[in-house]
Amino acid sequence: MKTRYIQTTETIDEYSHLPLWKTCSKIDLIYIVYGLLVLATVLVSYGLGALNWLPSDPDSMDLENMMVAPLTSGYFLGTDYMGRDLLSRLIIGIQAYFVPGLLSIFISLSLGSIMGILSGYQGGRVESVVEYFSNLIDSFPRLVLILLFIAAFTPNIYIIMIVVGLTTAPVVAGLVRGKILFLKQRNFVESAIAMGLPTYQIILKHILWYNCRSILLIQATLGMAEAILIETSLSYLGFGVQEPVPSWGNMVQSGSNYLMQGNFWPSTAPALAILATVLGFHLLGDGLNNVLERKER
Amino acid sequence: MEHIPLLQIEDLRTYFYSSAKQAFIRSVDGVDLTIEQGSTLGIVGESGSGKSITMLSTMGLISANPGVLTGKVLLNQKGNPVNLLEGLEQYVELEHNSGKILKLSKDNRAWKKQQEKNMATVRGKQISMIFQNPKAAMNPYETIGKQISEMIKLHTEIKDNNSAKEKAISWLERVKIDSPGMRFENYPHGLSGGMCQRAMIAMALSSEPSLLIADEPTTGLDATIQSKIVELLQELQTDLGITTILISHDISVITKLADSVAVMYGGKVLENGPAELVLKANEDASHPYTRALLASIPDLSNVDANGRLPAIPGEVLDTINLTQGCRFYARCEKFTTQCESKCKTQEPPLFRMDGKHHIRCWLFEKG
């Protein structure tokens, strides 16, 4: 006879085997879908720019069609004061922040995780040193630090992004540390040691991969938004990407001179692009945070 | 051939430093325990009597300073007793004089390094542990199936994913989890406390250890689930013949499962011996503390004439300021005028009653 075990008193969460997107709220889903669309657009545009498949050459000046309005003379978004195609320049502008942004994300995530693990897992003296280092970075205004670096070296976007990465590392470190302390208090780490798992496996697989991957993913999306904002604001001020290389920041800046004459599009188009993209990355991070971090409860 | 028990703990001492009180807390203060192959040892005592710390010390899970200090933990490895605290005493300097610590220093880093070396092949492989709160002890972001498979892959011959999964499912079935194939994919938060404890037991047993330490496996579960978990442990014991150390302050659990019992108080074993002798608690062969503990079980036969349940007066011993005499003296109600002077001034040794029954009380001094 086949034995069956029926346990009437023990309940099972009926929803835990459903896929994630079925259990999360609709608004989060909208956030994530919008964020993913923005991400996809950025990726595709970056690819187009890298392959040089553009509507027209972003650097060639069409002197007969300077400052033409959008959707006229064959220019979808119009042209700027030198007769360069705005759409092409917008697409190429992504290159100003995309790879540097990835660099800053990489630096902040890896450095932050290392710092977080050292302070959370090790504790003791290491923790105070990491804490001190984090406070030191946190207490220094970031923009001033970046301007200092620009003054000391050349205005190179990669150097700027390294500084951005370094200065966001304490945020990641704090989150990772909090997660580890939470796990330690739940005696999960202790039981993992008792089960005979090697230390590197506990740290890398169980803590960092299983428990911190959602935090790191969210921080990565927010890091991209941060990178865009820093790059565009510095380029707007003239410290970042220099003309004639297009960047959304210096496009807003060069277009703003003609705003009062009624030619709003050369600065509005990149400004809206910044708005939509930064919003997209933020909403993606927010939605992921709500969906992934709520999963545990 | 000389008979070697599976695990023998000799004079284990674990102290902690309390910076608030500027003093040492002597959580475990010279514990001796012996666990025979295939038997179940129950450790009882009030909260704070050092039960859990003894077992955590055995597993090398004490991280606070100074932690484990001296003693021997001899684990039977294929016939040879191997000391799990081998070579660790050299890192500790301890001087104490009748309860007062004069000097104590410990090289924590070197200690940890050596301990990792000693414990590397023991944890999980030979000794597994079940914790009090199973949900907290599992990775919240990984399915229980994956966690069990990981243990199997780490500690047994099975290395490929598919057969590890099969084995994990068979273990889940063994601990009587309903539809184990489906539960394999569940996260710990998706299971109830009882099912989670079952999964935890499956995980601990999946590495086929020779010793299982269960640290209050039934606390935090409601009464019906508690009895089911006890039944399960009972069944697994008879099926697998696994040696178990069971820590609990629930004496009914101990009565059901244990072959031998050790009663702990204030970091010392006050009484140990076969379960039927210790838990019978007859007047002439039982420690006053054991008697008081047993009398305070909520049971009809224990209620007195006024309809009240007797409680042990006073509080659990503060192990910071140890007096010289018997640890239980302050709360003891059974001492006689003959032994009182001794109870006050001298720590009693373990007196041998009959067979393997030992009692640490001056009442049973022979001669």
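The values are calculated or read from the model by the stated rules, or taken from the named source; none is laboratory data. Just so you know, these numbers come straight off a predicted model, no measurement behind them. As a convention, Cβ positions derive from the backbone with ideal geometry for all residues, glycine included, and neighbour counts pool all protein chains shown.
Determine whether B:P209 is within 20 Å of the chain's Cα centre (by Cα), within 12 Å of chain A (Cβ to nearest Cβ) and crowded, with 17+ Cβ neighbours inside 10 Å.
Yes: the conditions hold for B:P209.
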When B:Q226 is run through (1) surrounded by 19 or more Cβ atoms within 10 Å (Cβ to Cβ); (2) touching a residue at least 60 places away in the same chain (Cβ under 8 Å); (3) in contact with a helix residue (DSSP H, G or I) (Cβ under 9 Å, 6 or more places away or on another chain); (4) not basic (K, R), the failure sits at (2)
Tell me the strands (runs of 3 or more DSSP E) entirely within region B:224-328 that contain at least 1 residues that are within 14 Å of chain A (Cβ to nearest Cβ). B:243-247
Where residues in region B:155-175 are touching a residue at least 24 places away in the same chain (Cβ under 8 Å) and surrounded by fewer than 19 Cβ atoms within 10 Å (Cβ to Cβ), which of them is nearest to B:C196 (Cα to Cα)? B:K167
Taking region A:252-297 only, how many residues are modelled with pLDDT of 85 or more and of a type in the set (D, E, K, R)? 1
Being in a helix (DSSP H, G or I) and more than 14 Å from chain B (Cβ to nearest Cβ) is the requirement here; does A:V252 meet it? yes
crowded, with 22+ Cβ neighbours inside 10 Å, more than 14 Å from chain A (Cβ to nearest Cβ), under 20 Å from the mean Cα position of the chain (by Cα) and polar (S, T, N, Q): which single residue out of B:S49, B:S57, B:S39 fits that description? B:S49
Checking B:S63, B:S47 in turn, the sole residue that is without any contact (Cβ under 8 Å) to a residue 12 or more places away in the chain, among the hydroxyl-bearing types (S, T, Y) and in a loop (DSSP other than H, G, I, E, B) turns out to be B:S63
Tally of residues being more than 22 Å from B:S192 (Cβ to Cβ) and of a type in the set (S, T, Y) across region B:224-251: 3
Return the residues of region A:63-90 that are surrounded by fewer than 16 Cβ atoms within 10 Å (Cβ to Cβ), farther than 17 Å from A:A271 by Cα and not polar (S, T, N, Q); say none if nothing qualifies. A:L63, A:E64, A:M66, A:L71, A:G74
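Can we say B:K72 is basic (K, R) and either assigned to a loop (DSSP other than H, G, I, E, B) or in contact (Cβ under 8 Å) with a residue 40 or more places away in the chain (or both)?
yes
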With B:Y91, B:Y141 as the choices, which residue is at pLDDT below 85 and either among the small types (G, A, S) or within 26 Å of the chain's Cα centre (by Cα) (or both)? B:Y91
Only one residue in B:E166, B:E173 is part of a helix (DSSP H, G or I) and out of contact with any helix residue (DSSP H, G or I) (no Cβ under 8 Å at 6 or more places or on another chain), so which one is that? B:E166
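Among the hydroxyl-bearing types (S, T, Y), within 12 Å of chain A (Cβ to nearest Cβ) and over 29 Å from B:G60 (Cβ atoms): is that true of B:S179 in this structure? Give the steps one after another, and end with the answer.
Values: among the hydroxyl-bearing types (S, T, Y): yes; within 12 Å of chain A (Cβ to nearest Cβ): yes; over 29 Å from B:G60 (Cβ atoms): yes.
Here the answer is yes, as B:S179 does meet what is asked.
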Kindly provide the set of residues from region B:123-140 that are surrounded by fewer than 22 Cβ atoms within 10 Å (Cβ to Cβ) and without any contact (Cβ under 8 Å) to a residue 60 or more places away in the chain, ordered by number. B:A136, B:P140
Exactly one of B:L257, B:L300, B:L236, B:L240 is farther than 30 Å from B:T323 by Cα and exposed (fewer than 13 other Cβ atoms within 10 Å of the Cβ), and that residue is B:L300
Within region A:102-210, considering only helices (runs of 4 or more DSSP H) that don't extend past its boundaries, which have at least 1 residues that are touching a residue at least 12 places away in the same chain (Cβ under 8 Å) and more than 14 Å from chain B (Cβ to nearest Cβ)? A:124-139, A:142-152, A:157-185
